[in-house]
Each structure stands twice: as structure tokens, then as C-alpha cells.
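Down below is the structure, laid out as C-alpha cells.
The values are calculated or read from the model by the stated rules, or taken from the named source; none is laboratory data. Remember, it's a predicted structure, so these values are computed and weren't measured experimentally. Cβ placement follows ideal geometry from the backbone for every residue including glycine, while neighbour counts extend to all protein chains displayed. Heads up: the accessible areas ignore ligands, DNA and RNA and are worked out on the full protein's heavy atoms, side chains in. Shrake-Rupley method; radii C 1.70, N 1.55, O 1.52, S 1.80 Å.
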Amino acid sequence: MSQKTLGLVHTSATLVPVFAELCSKYLPGIKVFNIVDDSLIKNTIACGELTASTSKRVVNYAASAQEAGADYILFTCSSIGPAVETAATLTGVPVLRIDQPMADKAVSTGKKIGVIATLSTTLEPTSDLVKRRAIAANKEIELKSVLCEGAFDALMSGDAATHDKKVGDALKQLVNEVDVIVLAQASMARVVDTLTEAEKKVPILASPPIAMEYLKKLLTDGTD
């Protein structure tokens, strides 16, 4: 059996080492390569939405990754998720958005689902994804979406402490209102680690490890 290749498409160079570590842990023996273009997320934030031109470029990156030899392609940014789904219909190999396995797990875990984000451009597509995956699973859910105002700007300005406090406070409130929480951005996962076990009253899901578990089944076991 020939060695499988995973193509990763990132919107930030900071994600390359993060996913290198995850791939070595979950996907030993799988060849991995990276494509990075931070203008995809910068343009999306600047426009306040995912535009047609950015979506077209996402589709082109999927085609490029396939041409580079990818047997499977993972886009690691939630904000461009809708474009990734379009790419999946136009590409000759499977294309996955990072948060789909997480959304499926949330839907199977509970009825009241919380989605939390620091960017509206990420909150909306992630919330929409959870709703659609619930419909696909034929399950009724109640969705509560929470935007941590000012947290992203704080992080970008180098004030990680303010970001972490805003996200932490929002999480502590949300755990009392839902059955499971979805982190729309993987960068928020480190805040979860600062919560006490008593404060983690419900499962809090981050997309990267769940996506890696999903890919492990797909690429090493050949099961979906």
C-alpha cells in the first residue's frame, strides 16, 4: 500500500508548527506538506465577510494541493469554511474544513450547543455549520452563539492576558447554559487549559485534535 499524503492549507504561518506536532502525534507515516497564505484571512477580516474572490482563491489552493500530490486536503482556518465546502465539490480528492468533525461531535454530544469566537467572521460560519450538520444528522438543537468583543484585537496588539480573560469569563458563563461548547477558533483552546475541572462543567471542543482523529480513521484505517 502506497504512503498517503496530506496537504494542509493555512491562513497563518503560526499554524505550521502546531499542525506539524499534531500530524506527528496522530498521523505517523503520513506525508504532509503545507501551503500558507495569510492574505486569505486578512482579506476576510478587512471585508467583514468571505468574498467571492477569496473563495475562488481557496478553490484554487485546493486544486494546487491536489496537483502537488495530496490524497486528502485539510484547510485549517474556520473563517473560510464555506469556501472550503465549495472546493470539496470541485476537487478530485477529499477536502475537509477543520471544524466539520468538531461540529458533528457537538451535535452528537448534546441538544444545547454553545459556539464561542473572538471574530464575527468566524462565529457566523461556525454557527451555520453546526446548524447544517444537525440537520444532516436529523437532530433538533438549540444554538447559543457568543462573540467575545475585543478579545481578538487584544491578542493582535500583544495583550494575550486580556484576550484570555475575556474568553475565560465568557466560557465560565456559557458552561451554565449549554450541554457542549464549540470553540470557533483553535487559538482559544489554551484558555480552556486555565479553567479548573469544576469550571469545565460541559465538554469544550477544539477543532484540531478532533479533525486529526477523523483523518487518522480516514487515512490509516480507510474508514469514514
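Observations, loosely collected:
- Unmet criterion (only one of (1) touching a strand residue (DSSP E or B) at 6+ places or on another chain (Cβ under 8 Å); (2) assigned to a helix (DSSP H, G or I); (3) among the basic types (Lys, Arg)) for residue 144: (2)
- With respect to (1) open to solvent by 60 Å² or more (accessible area, probe 1.4 Å); (2) among the charged types (D, E, K, R); (3) more than 20 Å from the chain's Cα centre (by Cα), the lone exception for residue 213 is condition (3).
- A single member of 49, 85, 67 is surrounded by fewer than 18 Cβ atoms within 10 Å (Cβ to Cβ), under 17 Å from residue 125 (Cβ atoms) and among the charged types (D, E, K, R), and it is 49.
- Candidate set from the stretch 88-99 (those that are among the β-branched types (Val, Ile, Thr) and open to solvent by less than 60 Å² (accessible area, probe 1.4 Å)); member that is nearest to residue 45 (Cα to Cα): 98
- Tally of residues being among the small types (Gly, Ala, Ser) and more than 23 Å from residue 172 (Cα to Cα) across the stretch 99-137: 3
- Whichever residue in the stretch 179-193 is in a loop (DSSP other than H, G, I, E, B) and farther than 17 Å from residue 148 by Cα and, among such residues, is most open to solvent (accessible area, probe 1.4 Å): 193
- Of all residues in the stretch 104-122, those satisfying the criterion of being open to solvent by 20 Å² or more (accessible area, probe 1.4 Å), in contact (Cβ under 8 Å) with a residue 60 or more places away in the chain and assigned to a helix (DSSP H, G or I) are 105, 109, 120.
- Residue count for the stretch 150-172, restricted to those that are in contact (Cβ under 8 Å) with a residue 24 or more places away in the chain, within 20 Å of residue 124 (Cα to Cα) and open to solvent by 70 Å² or more (accessible area, probe 1.4 Å): 1
- Being in contact with a Pro (Cβ under 7 Å, 6 or more places away or on another chain) and not in a loop (DSSP other than H, G, I, E, B) holds for only one residue in 101, 125, and it is 125.
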